[in-house]
1. Could you say whether any residue in the range 31-42 is within 17 Å of the chain's Cα centre (by Cα), among the β-branched types (Val, Ile, Thr) and not in a helix (DSSP H, G or I)?
2. From Leu17, Leu111, grab the single residue that is in a strand (DSSP E or B), in contact with a helix residue (DSSP H, G or I) (Cβ under 6 Å, 6 or more places away or on another chain), touching a residue at least 60 places away in the same chain (Cβ under 8 Å) and buried (at least 24 other Cβ atoms within 10 Å of the Cβ).
3. Kindly provide the set of residues from the range 118-161 that are of a type in the set (Asp, Glu), more than 21 Å from the chain's Cα centre (by Cα) and modelled with pLDDT of 90 or more, ordered by number.
4. Being among the β-branched types (Val, Ile, Thr), in contact with a Gly (Cβ under 6 Å, 6 or more places away or on another chain) and either modelled with pLDDT of 95 or more or under 28 Å from Gly59 (Cβ atoms) (or both): is that true of Ile115 here?
5. Out of Ala105, Ala142, which single residue is in contact with a Pro (Cβ under 9 Å, 6 or more places away or on another chain) and either surrounded by fewer than 19 Cβ atoms within 10 Å (Cβ to Cβ) or in the same structural domain as Ala195 (by TED's automatic domain parsing) (or both)?
6. Write out, first by first residue and then by second, each pair whose Cβ atoms fall under 6 Å of each other, whose residues are 6+ apart or on separate chains, and whose first residue, in the range 54-81, is in the same structural domain as Val23 (by TED's automatic domain parsing) while the second is of a type in the set (D, E, K, R) and part of a strand (DSSP E or B).
7. So Val122 ticks every box in (1) in a strand (DSSP E or B); (2) in the same structural domain as Thr34 (by TED's automatic domain parsing) but one. Which box is left unticked?
Amino acid sequence: MLILTIETCTDTSTLGLVRDGAVLAEAAFPSRHTLAKRLTLRLEWLLAECGLAKGDIEGIAVSSGPGSFTGVRIGAAAAKMLAWGLRVPLAGVSTLEALAYPFRALRGHLLVPVINARRQQVYTAGFRGHGEILERATPDLALSAEPFAGWLADHAADGPPVLLGQVEGLSASFVEAAPALAPVRALVTPMALAALAAARFARGEADDPMTMTPIYLRGAAD
């Protein structure tokens, strides 16, 4: 199955073409101005590089938030429009779950993906790794430093926390809240998005392009 992956929720946007678990091509670019135009141009480039057409796409996986309000909105709108136009299944994937997915083999730790939410907050969630399986421990959350530290303490039984994500720009209080391990820089990869979407498709699950709701957690911040 050829899956187009779309990620626009973090500081680094990506597009990918993944067929049966193998990445055919991907493009990464800053999530800043003219994002919608960049998406269109990068998609045309990816398809051309692989000798494919839009009609070859069989499914779409989109990082549906939380993250940059503008990025979440643009990525979700593009994915919904493409899925509706191509008549292919659509899967919205939590940006935080996609950040944690590549680390699912790390047992005995609480996997804590973080995204700088500005306003002295982070978007975060807790996951546990079980080899090939990633288990969600908490819902997606928006927390400031003190509640974040308390939240980690409440989940101490899940193991030492490992901070994952794009942690640049966070105040020292966030990093100090999880002193067990240094933050690990991680990106939302096409492989992770495609794998999580493919698992949903295999279960017969898909999102309706007309009604899929992105994960905002709070109102517009940028």
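The values are calculated or read from the model by the stated rules, or taken from the named source; none is laboratory data. In this text, all values refer to a predicted model and were calculated from it rather than measured experimentally. Please note: Cβ atoms are built from the backbone with ideal geometry, for glycine as well, and neighbour counts cover all protein chains shown.
1. Scanning the range 31-42, I find no residue that is within 17 Å of the chain's Cα centre (by Cα), among the β-branched types (Val, Ile, Thr) and not in a helix (DSSP H, G or I), so the answer is no.
2. After ruling out the rest, the residue left standing is Leu17.
3. Taking the range 118-161 as the starting set, the residues that turn out to be of a type in the set (Asp, Glu) are 132, 135, 140, 146, 154, 158.
From what's left, more than 21 Å from the chain's Cα centre (by Cα): 146, 154, 158.
Once the filter is applied, which keeps residues that are of a type in the set (Asp, Glu), more than 21 Å from the chain's Cα centre (by Cα) and modelled with pLDDT of 90 or more, the range 118-161 yields only Asp154.
4. Working: among the β-branched types (Val, Ile, Thr): yes; in contact with a Gly (Cβ under 6 Å, 6 or more places away or on another chain): yes; either modelled with pLDDT of 95 or more or under 28 Å from Gly59 (Cβ atoms) (or both): yes.
Yes, satisfied.
5. Details: Ala105 fails: in contact with a Pro (Cβ under 9 Å, 6 or more places away or on another chain).
None of the other options fit; the residue is Ala142.
6. Ser63/Glu7
7. (2)
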